[in-house]
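Just below is one structure, and these are the notes that go with it.
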Amino acid sequence: MSLQAPEFFAELCLPFRDSTVVGNTYYAAPVPGTSLRLRIDFSRTIYADTYGGLRLAVVHPDRGEIDAVALSFLDHGTFHRRDEATNTRPNTKQYGTFDTYHRPGRPPWEGAVTTRLRDAIEQYTTVWFPGAWTATSRTAGRTVHTTPAVPITRSGARAR
């Protein structure tokens with residue numbers, strides 16, 4: 001079954017304009033005009049068709065892979081809510097991971113909370129691609145809904 005990688009990476013809301021998903025891999029040129037590229041893959045676990053995080057790599061067209069880091073879903077709380085809601089026990093195959101088997105019409109990574117994972121991607125790419133994350137891209141994909149307090153006058157009627 002498909003990992004639905006384009007939808008997963010779209011949910012991460014990465015700010016790179018020059019990017020694409022090929023198969024299950026995300027490729028980006030975070031800083032236009034430079035030769036360094038970013039590659040993000042799903043990292044496999046010891047279990048077949050089960051993924052435990054993302055592997056980020058900085059790639060140079062001539063020198064190949066320059067640096068890489070693994071970001072586990074467990075360390076970044078990606079499936080904490082899902083696992084707590086389903087009483088999935090730690091040290092089991094499903095805890096902090098997802099696999100290719102899923103409910104019809106749902107992504108295999110259903111229940112993922114990607115905020116901390118996205119923050120870790122930002123932290124890593126900021127080292128290798130200074131200026132790739134702007135102030136507006138840091139808040140992309142994050143919606144904060146504040147409810148303004150309604151001023152109340154002494155008579156209890158709402159103020160205009």
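Annotations for the structure displayed:
- Residues that are crowded, with 16+ Cβ neighbours inside 10 Å, more than 24 Å from Tyr101 (Cβ to Cβ) and at pLDDT 90 or above do not occur anywhere in region 41-49.
- Filtered residues of region 21-61 (kept if touching an Asp or Glu at 6+ places or on another chain (Cβ under 6 Å), within 19 Å of Trp133 (Cα to Cα) and assigned to a loop (DSSP other than H, G, I, E, B)): Ala29
- Qualifying residue in region 62-79 (condition: part of a loop (DSSP other than H, G, I, E, B), modelled with pLDDT of 90 or more and over 21 Å from the mean Cα position of the chain (by Cα)): yes
- Taking first residues from region 53-81 that are farther than 16 Å from Ala5 by Cβ and partners that are among the β-branched types (Val, Ile, Thr) and buried (at least 18 other Cβ atoms within 10 Å of the Cβ), the Cβ contacts under 8 Å between residues at least 6 apart in sequence or on separate chains come to Glu65/Val58; Ile66/Val58; Asp67/Val58; Ala68/Val58; Leu74/Thr97; Phe79/Thr97.
The values are calculated or read from the model by the stated rules, or taken from the named source; none is laboratory data. Because the structure is predicted, anything quoted here is derived from the model rather than measured. So basically every Cβ, Gly included, is an ideal-geometry build from the backbone, and we count neighbours across all protein chains shown.
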